Amino acid sequence: MLLFLIIFNLEAVVILGIDTSCDDTGVGLVRDGKVLANVVASQTALHAKYGGVMPEQASREHLTVIDEVLQQALNEADIKLADIDAVAATYGPGLVGALLVGLNYAKALAWSLDLTFVPIHHLEGHIASSLALGEVKPPFLCLIASGGHTSLFEVAAWGDYIELGKSRDDAAGEAFDKVARLLGLGYPGGPALSNLAALGNPNAFKFTVPLKNQAGYDFSFSGLKTAVSLLLEKQADADKADVAASFQEVVVESLVTVTLRAVKNSGYRKLVVAGGVAANKRLRQRFAESDLEVFFPPLALATDNGAMIALAAGQKLAKGQNRQAGLSTDALPYLPLATKARSKASS
Ligand code: KG4
Ligand code: ZN
């Protein structure tokens with residue numbers, strides 16, 4: 001079989017990136033690693049009445065808005081479809097119906113415009129969101145904390161990822177959302193809960209830090225959510241701001257302790273914190289107190305978006321991309337981020 005590798009010189013190359021892995025329709029345009037446009041159509045209002053994401057509704061909504069979101073991104077970047085050099089989209093992990101919309105849309109676009117298509121792993125996109133900051137170069141550690149994932153990666157180089165640990169149950173953002181719901185704060189509850197926590201006493205209630213005695217890098221948040229639920233059953237009049245602050249403190253403590261353990265064992269001095277929970281003020285404050293070089297992507301790139309997918313594609317194109325292979329990629333709801341190298345943290 002003839003392997004037809006295209007290596008892109010990224011100068012002036014325009015990449016379109018699409019993410020529809022969950023409930024945001026994200027379309028981004030990137031040139032030379034610079035974000036030209038990043039348009040996200042959020043479905044929050046649609047799912048709020050269910051208290052969580054309704055997968056079928058999410059797929060339909062992606063289908064309804066994706067044309068318009070692309071058009072908005074082109075307008076924002078002031079370019080035309082003909083100016084695009086490559087198309088990228090998330091192929092997993094995520095809600096399969098939702099993934100299929102963005103993936104098939106992107107593949108069809110690439111095919112019809114005769115462009116290279118680059119399939120991207122959603123978490124690789126989150127890691128690549130740090131590229132928007134310019135000066136962040138591997139090796140570094142990356143904590144991804146979102147509504148769907150909580151994982152700690154060693155990024156030895158672009159494309160060389162080792163997952164040191166992940167949540168054994170709920171993701172950190174999921175825990176924020178579930179506890180926010182218990183407190184009657186609506187969906188998604190992360191931002192509302194952290195605002196309320198700012199008014200409360202973080203020491204009012206003593207919740208146990210999950211997996212406190214482990215030597216590894218895993219997380220667990222479902223027991224903590226149950227502990228909050230039991231507390232509210234027993235003490236219905238508990239001050240909500242105190243509960244929010246005490247809960248948040250323990251989530252943040254867990255994320256920071258596990259990450260700093262990996263920092264100590266690996267010797268890396270750089271840390272990227274990505275995903276929606278990277279917006280949390282207390283988490284930012286705690287990491288800022290460390291003596292590490294800590295990078296938080298801009299808020300618009302921390303939560304799900306298309307620009308991070310285009311940024312990740314840029315790294316792949318610079319290394320060489322098989323022009324034909326991308327188009328046969330299928331959507332994969334469960335998809336680990338492949339790793340090759342030996343971990344510094346565990347050696
Ligand atoms: O990365 P993201 O937009 O989507 C996923 O890939 O899941 O993350 C969304 C998650 C939600 O669970 C939301 O509640 C949480 O990030 N989140 C926060 C904050 N802002 C968003 N959690 C805690 N504090 C915040 N300020
Ligand atoms: Zn995400």
Taking the options Ala302, Ala345, Ala262, name whichever one is closer than 30 Å to Ala41 by Cα and either among the basic types (Lys, Arg) or touching a residue at least 12 places away in the same chain (Cβ under 8 Å) (or both).
-> Ala302
Here are some conditions: (1) touching an Asp or Glu at 6+ places or on another chain (Cβ under 8 Å); (2) modelled with pLDDT under 95. Ala41 meets all but one. Which one does it not meet?
-> (2)
In region 279-312, the residues that are closer than 27 Å to Gly159 by Cβ, within 15 Å of ligand 1 (Cβ to nearest atom) and in a loop (DSSP other than H, G, I, E, B) | Phe296, Pro297, Pro298, Thr303, Asp304, Asn305, Gly306
Within region 142-151, identify whether any single residue is more than 15 Å from ligand 2 (Cβ to nearest atom), in contact (Cβ under 8 Å) with a residue 40 or more places away in the chain and not acidic (Asp, Glu), and answer yes or no.
-> no
Expected single match for more than 21 Å from Glu249 (Cβ to Cβ), within 14 Å of ligand 1 (Cβ to nearest atom), not aliphatic (A, V, I, L, M) and not assigned by TED's automatic domain parsing to the domain that holds Ser246 among His126, His149 is His126
Of (1) more than 16 Å from ligand 1 (Cβ to nearest atom); (2) surrounded by fewer than 24 Cβ atoms within 10 Å (Cβ to Cβ); (3) of a type in the set (D, E, K, R), Glu154 fails just (2)
The one condition Val69 fails out of (1) at pLDDT 95 or above; (2) within 20 Å of Leu327 (Cα to Cα) is (2)
Go through region 86-115 and give me each residue that's of a type in the set (Ser, Thr, Tyr) and touching a Leu at 6+ places or on another chain (Cβ under 7 Å).
-> Thr90, Tyr91
Could you check, for region 188-208, whether at least one of its residues is crowded, with 17+ Cβ neighbours inside 10 Å and β-branched (Val, Ile, Thr)?
-> no
Ala98 being farther than 25 Å from Pro297 by Cβ, crowded, with 22+ Cβ neighbours inside 10 Å and at pLDDT 95 or above = no
For Trp158, state whether it is among the aromatic types (Phe, Trp, Tyr) and either assigned by TED's automatic domain parsing to the domain that holds Ala279 or touching a Gly at 6+ places or on another chain (Cβ under 8 Å) (or both).
-> yes
Look at Phe176 and say whether it is buried (at least 24 other Cβ atoms within 10 Å of the Cβ), modelled with pLDDT of 95 or more, hydrophobic (A, V, I, L, M, F, W, C) and more than 28 Å from Arg269 (Cα to Cα).
-> yes
Mind checking which residues of region 290-308 are small (Gly, Ala, Ser) and either touching a Ser or Thr at 6+ places or on another chain (Cβ under 7 Å) or away from ligand 2 (no atom under 15 Å from the Cβ) (or both)?
-> Ser290, Ala302
Residue identified as modelled with pLDDT of 95 or more and on the phi < 0 side of the Ramachandran plot among Ala156, Ala236, Ala192 = Ala192
Residue list for region 128-155, filter: under 30 Å from Gly51 (Cβ atoms) and assigned to a helix (DSSP H, G or I) | Ser129
Which residues, counting only those in region 267-289, are farther than 18 Å from Pro138 by Cβ and among the basic types (Lys, Arg)?
-> Lys281, Arg282, Arg284, Arg286
Would you confirm whether any residue within region 177-187 is assigned by TED's automatic domain parsing to the domain that holds Gly267 and within 16 Å of ligand 2 (Cβ to nearest atom)?
-> yes
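The values are calculated or read from the model by the stated rules, or taken from the named source; none is laboratory data. Everything numeric in this text was worked out from a predicted model, so none of it was measured. Counting neighbours? That spans all protein chains shown, and the Cβs are built from the backbone with ideal geometry, glycine included.
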